[in-house]
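One structure is given below, represented as structure tokens, and several questions about it will come after.
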Amino acid sequence: MTQKEPITVAITGAAGNIAYSLIYRICTGELFGNDQTLNLNLIDIEPALPILEGLIMELEDSNFHLINKILFTIDPFEGFRDADYAILLGAFPRNKNQTRKDLLGKNSPIFKIQGKALSLVAKRTVKVVVVGNPVNTNALVTAKYAENIPKENIVALTRLDMNRSLSQLSRKLTKNVSNIKNVFTWGNHSASQFVDLSNGYLLENSKKTPLTELVDEEWISGEFQKINQMRGKEVLLKRGKSSAGSAANAVLDCLKSWIYGTETYVSMGVISDNNPYNVPENLIFSFPCTCKNGTWKIAKDLKPNEFCKKMIKKNVDELLEERRIAFELLKD
Ligand code: LMR
């Protein structure tokens, strides 16, 4: 098979758990295809360099034919050079006594520098997926400082929330997850997030049955929301570390949708400018999106019910507060 010219994929936090899962799957061609060669730019902090070197040895020993070149560095201005894709995993992780917002103080400055670096050295067309928490505000900080990169190119990962909700529904209905469509989350990747089932349906033998006819309202607005809101914390409590394999999987799902397009709505944390749901501009907010030709669009034709509107407002208030804290902290 003829191989395509290499693309450059930069990954921060490359020595961490999420990266360990993600990089292998990228190297098999799952994301960019079995003919797409790769320059991997692996970025992490100095103490993690031995781990990174070990990972690179393992990648070498795996003989992935798609790898053209691997660079490892602690400098984002080197690591993001000519990047076509940047996956920002690196951040201080939360411990079991913290909320994601508690990480703002430590993580906002990291994303400020990364935004500046992307702006200066990445391709202008770079697609950026931010994963480190608090992810919405970190993505907003990245976008603010990445002045040369269109804001539409920077997305916060909220696909994991959507995936978690699909998994809960699949188990509740005892139906295969691939038959459940148009379920998505609004707002912040935090305990305030809201899963919206009002457009969701079960697809069986070409027949669409609304999910609201299959699961009772009390479960939807109660237990179901709670499980999704607390799922990251529950995994953290059990593993002693945050979700890694499922987070890597969600990054791949997010990028596959963004690059190759979608047939139904998917959750993406995107810039709120020009949205029809009264979310103020200049926030990164999880909306139902559709993707085509490498671009995303916020779904325009939905009619959130009163409860959903209330939850959107709650998430807006939380994100405005996160933005205020982060921007205050980063004031030049
Ligand atoms: C998750 O949802 O698993 C991640 O955001 C990690 C965390 O701290 O919850």
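Inspect segment 204-218 for any residue being more than 24 Å from the chain's Cα centre (by Cα) and basic (Lys, Arg) and give the result as yes or no.
Checked against the condition, which is being more than 24 Å from the chain's Cα centre (by Cα) and basic (Lys, Arg), segment 204-218 yields at least one hit.
Please determine, by comparing only the residues of segment 253-263 that are buried (at least 18 other Cβ atoms within 10 Å of the Cβ) and among the hydrophobic types (A, V, I, L, M, F, W, C), which one is farthest from the ligand (Cβ to nearest atom).
Among them, the one singled out is TRP258.
Determine which member of the set THR212, THR185 is without any contact (Cβ under 8 Å) to a residue 60 or more places away in the chain and not assigned by TED's automatic domain parsing to the domain that holds VAL131.
THR212
Hey, does segment 291-306 have a residue that's touching a Leu at 6+ places or on another chain (Cβ under 7 Å) and either away from the ligand (no atom under 16 Å from the Cβ) or at positive phi (or both)?
Looking for residues that are touching a Leu at 6+ places or on another chain (Cβ under 7 Å) and either away from the ligand (no atom under 16 Å from the Cβ) or at positive phi (or both), one finds none in segment 291-306, hence no.
Go through the residues of segment 149-172 one by one and say whether even a single one is part of a helix (DSSP H, G or I), in contact with a strand residue (DSSP E or B) (Cβ under 7 Å, 6 or more places away or on another chain), away from the ligand (no atom under 16 Å from the Cβ) and of a type in the set (Lys, Arg).
Scanning segment 149-172 turns up at least one residue that is part of a helix (DSSP H, G or I), in contact with a strand residue (DSSP E or B) (Cβ under 7 Å, 6 or more places away or on another chain), away from the ligand (no atom under 16 Å from the Cβ) and of a type in the set (Lys, Arg).
Here's another thing I want to ask about it. In segment 187-200, what count of residues is obtained for those that are within 16 Å of the ligand (Cβ to nearest atom) and part of a strand (DSSP E or B)?
3
Sticking with this structure for a sec: Scan segment 289-332 for residues that are among the basic types (Lys, Arg) and in a helix (DSSP H, G or I) and report the count.
Summing the residues that are among the basic types (Lys, Arg) and in a helix (DSSP H, G or I) in segment 289-332 gives 6.
Quickly run through segment 1-20 and pick out the residues that are in contact with a Ser or Thr (Cβ under 9 Å, 6 or more places away or on another chain) and buried (at least 16 other Cβ atoms within 10 Å of the Cβ).
Listed by number, the residues that qualify are PRO6, ILE7, ASN17, ILE18, ALA19.
Would you point out the residue of segment 264-276, among those that are away from the ligand (no atom under 16 Å from the Cβ) and in contact (Cβ under 8 Å) with a residue 60 or more places away in the chain, that is farthest from ILE180 (Cα to Cα)?
Of everything passing the filter in segment 264-276, ASP273 is farthest from ILE180 (Cα to Cα).
Could you check SER286 against (1) part of a strand (DSSP E or B); (2) polar (S, T, N, Q); (3) more than 23 Å from ASP102 (Cα to Cα) and say which number it fails?
Failed condition: (3).
Condition first: closer than 23 Å to LEU104 by Cα and either within 16 Å of the chain's Cα centre (by Cα) or outside the structural domain of ILE298 (by TED's automatic domain parsing) (or both). Can you find one or more residues in segment 232-242 that meet it?
yes
Give me a count of the residues in segment 225-251 that are more than 23 Å from LYS101 (Cβ to Cβ) and either surrounded by 19 or more Cβ atoms within 10 Å (Cβ to Cβ) or without any contact (Cβ under 8 Å) to a residue 24 or more places away in the chain (or both).
Total meeting the criteria: 1.
For segment 190-202, indicate whether the set of residues that are touching a residue at least 12 places away in the same chain (Cβ under 8 Å), in the same structural domain as ARG164 (by TED's automatic domain parsing), over 17 Å from ASN163 (Cα atoms) and of a type in the set (Phe, Trp, Tyr) is non-empty.
no
Which of the residues that make up segment 307-332 are under 21 Å from GLY132 (Cβ atoms) and touching a Leu at 6+ places or on another chain (Cβ under 8 Å)?
LEU319, LEU320, GLU322, ARG323, ILE325, ALA326, LEU329, listed by residue number.
When segment 69-107 is examined, which residues are found to be hydrophobic (A, V, I, L, M, F, W, C), more than 10 Å from the ligand (Cβ to nearest atom) and at pLDDT 95 or above?
Passing the criteria: ILE70, LEU71, PHE72, ILE74, PHE77, PHE80, ALA83, ALA86, ILE87, LEU88, LEU89, LEU104.
Considering only residues that are of a type in the set (A, V, I, L, M) and near the ligand (Cβ under 10 Å from one of its atoms), look in segment 217-236 and name the one that is nearest to MET162 (Cα to Cα).
Looking at the filtered set, the residue picked out is MET230.
Return the only residue of ILE227, ILE259 being at negative phi, part of a helix (DSSP H, G or I) and touching a strand residue (DSSP E or B) at 6+ places or on another chain (Cβ under 9 Å).
Exactly one of ILE227, ILE259 is at negative phi, part of a helix (DSSP H, G or I) and touching a strand residue (DSSP E or B) at 6+ places or on another chain (Cβ under 9 Å), namely ILE259.
The values are calculated or read from the model by the stated rules, or taken from the named source; none is laboratory data. Everything quoted here is computed from the prediction, not taken from an experiment. Ideal geometry is used to build each Cβ from the backbone, glycine not excepted, and the neighbour counts take in all protein chains shown.
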